[in-house]
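S.K.: Please find one structure pasted underneath; my questions will follow.
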Amino acid sequence: MIREAILTTLNADNSVHIAPMGVREIDNQILIAPFKPSTTLDNIKCNGQAVVNLTDDVRIFAGCLTGHYDWPTVPASVITGQRLENTLSHLELEVRKFDDDKHRPKFFCEIRHQKIHRPFMGFNRAQAAVLELAILVSRLPMLPQEKIDTEIKYLEIALEKTAGKDEIEAWGWLMDRISEYRLQQAASENMV
Ligand SMILES: Cc1cc2nc3c(=O)[nH]c(=O)nc-3n(C[C@H](O)[C@H](O)[C@H](O)COP(=O)(O)O)c2cc1C
């Protein structure tokens with residue numbers, strides 16, 4: 001099973017890089033598989049460490065794809081890294097094996113430390129809808145416009161019925177990004 005998480009890694013200047021990424025647990029290890037190119041990939045390759053943050057704040061998923069990066073972090077407990085301050089739980093990882101690949105290398109990581117900070121309050125359909133829209137936004141150049149419009153129409157049902165203010169804000173950032181992307185596409189087509 002893949003869990004959608006927020007990875008925090010350290011850049012060369014020790015600033016924190018925050019990115020959404022799917023992670024898998026295999027035989028007590030965590031598998032991280034970033035597509036090339038990726039800052040997360042470069043950072044983990046460089047220092048062999050990462051933090052997996054499991055959060056229900058979907059603004060962070062949407063924010064990382066739309067230029068809202070200002071999420072508070074605090075030092076990790078046993079590795080040299082940072083975790084999200086308001087995460088539900090986090091896992092501190094150290095790489096044990098690296099399988100390189102032209103497109104999608106794999107890091108197999110030992111869980112050095114894990115902690116639960118707040119309870120999981122249950123599933124919410126609008127949060128799932130924001131995650132799905134975030135995935136679509138991360139693939140905008142690869143997907144036909146009609147597919148995106150059809151999916152938005154369906155996902156909007158859950159948003160309208162079940163969202164709180166964080167989900168509505170996150171959804172708005174993603175919809176703005178789609179509009180900007182389409183304007184840029186139209187402008188570049190007009191220039192040809
Ligand atoms: C829910 C979600 C899951 C994602 N999972 C992955 C993943 O497993 N691998 C990956 O390379 N990108 C994934 N992405 C896309 C990255 O977050 C995005 O491309 C980001 O820019 C990562 O690149 P970076 O490390 O350079 O920041 C995911 C995006 C979302 C919204």
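S.K.: Can you give me the Cα centroid spacing of region 103-129 and region 138-170 in angstrom?
M.R.: The two parts, judged by their Cα centres, are 22 Å apart.
S.K.: Note down the magnitude of the dipole of region 2-116 about its Cα centre, charges +1 on Lys and Arg C-beta and -1 on Asp and Glu C-beta and zero elsewhere, to the nearest 20 debye.
M.R.: On the way: 13 positive and 15 negative charges, 48 e Å.
The dipole of region 2-116 has a size of about 220 debye.
S.K.: Okay, next question. Pick from 145, 82, 29: which residue has the top mean-square fluctuation in a GNM of the chain where Cα pairs under 10 Å get a spring?
M.R.: 145
S.K.: Pick from 52, 78, 16 the residue whose mean-square fluctuation is largest in a GNM of the chain, springs joining Cα atoms under 10 Å.
M.R.: Of 52, 78, 16, the Gaussian network model singles out 78 as fluctuating most.
S.K.: Given R₀ = 25 Å, what would the calculated FRET efficiency be for residue 120 paired with residue 150, taking r from the Cβ atoms and rounding to 0.05? Let's see the in-between values first.
M.R.: Values: r = 31 Å, r/R0 = 1.23.
Given R0 = 25 Å and the Cβ-Cβ separation, E is 0.20.
S.K.: Which of the helices in the chain meet the span-like rule: DSSP H, Cα axial reach of 18 Å or more, Kyte-Doolittle mean at least 1.0?
M.R.: Correct list, ordered by number: 125-138.
S.K.: Given a Förster distance of 22 angstrom, what is the FRET efficiency for residue 1 paired with residue 42, based on the Cβ-Cβ distance and rounded to 0.05?
M.R.: 0.25
S.K.: Counting only protein heavy atoms and a 1.4 Å probe, tell me what percentage of the chain's accessible area is made up of carbon and sulfur.
M.R.: Accessible surface attributable to carbon and sulfur in the chain totals 51 percent.
S.K.: Let me have the relative contact order for region 2-116, percent, based on Cα pairs under 8 Å that are six or more residues apart. Present the calculation step by step, with values, prior to reporting the outcome.
M.R.: Numbers: 256 pairs, mean separation 32.6, N = 115.
Computed over region 2-116, the figure is 28 percent.
S.K.: Per-residue ellipticity at 222 nm for the chain, helices alone: DSSP H runs ≥ 4 residues times -39500 (n - 2.57), over residue total, nearest 500 deg cm²/dmol?
M.R.: Taken over the chain, the calculation gives -13000 deg cm²/dmol.
S.K.: May I pose another question? Cα-based Rg (one decimal) and Dmax (whole number) for the chain, in Å?
M.R.: So, for the chain, Rg and Dmax equal 17.4, 54 Å respectively.
S.K.: Roll a 1.4 Å probe over the protein chains and send me the accessible area per residue for the chain in Å².
M.R.: Details: 11190 Å² over 192 residues.
Roughly 58 Å² per residue, with all protein chains present.
S.K.: Mean separation of Cα pairs under 8 Å and 6+ residues apart, divided by the residue count of region 37-192: what relative contact order is that in percent? Could you put the intermediate results ahead of the total?
M.R.: Numbers: 201 pairs, mean separation 35.7, N = 156.
It comes to 23 percent, rounded to a whole number.
S.K.: Let me ask something else about it. Build a GNM of the chain with springs between Cα atoms under 10 Å: which of 142, 21, 175 gets the top mean-square fluctuation?
M.R.: 142
S.K.: Here's something else I'd like to know. Taking R0 as 25 Å, what's the FRET efficiency between residue 69 and residue 168 from their Cβ-Cβ distance, rounded to 0.05?
M.R.: 0.80
S.K.: Using Cα pairs under 8 angstrom and six or more residues apart, how large is the relative contact order of region 125-191, in percent? Before the final figure, lay out each step's value.
M.R.: Details: 38 pairs, mean separation 31.2, N = 67.
Reported relative contact order: 47 percent.
The values are calculated or read from the model by the stated rules, or taken from the named source; none is laboratory data. Everything quoted here is computed from the prediction, not taken from an experiment. For neighbour counting, all protein chains shown are included, and Cβ atoms are generated from backbone atoms with ideal geometry for every residue, glycine included. These accessible areas exclude ligands, DNA and RNA; they are computed on the full protein's heavy atoms, side chains included. Shrake-Rupley method; radii C 1.70, N 1.55, O 1.52, S 1.80 Å.
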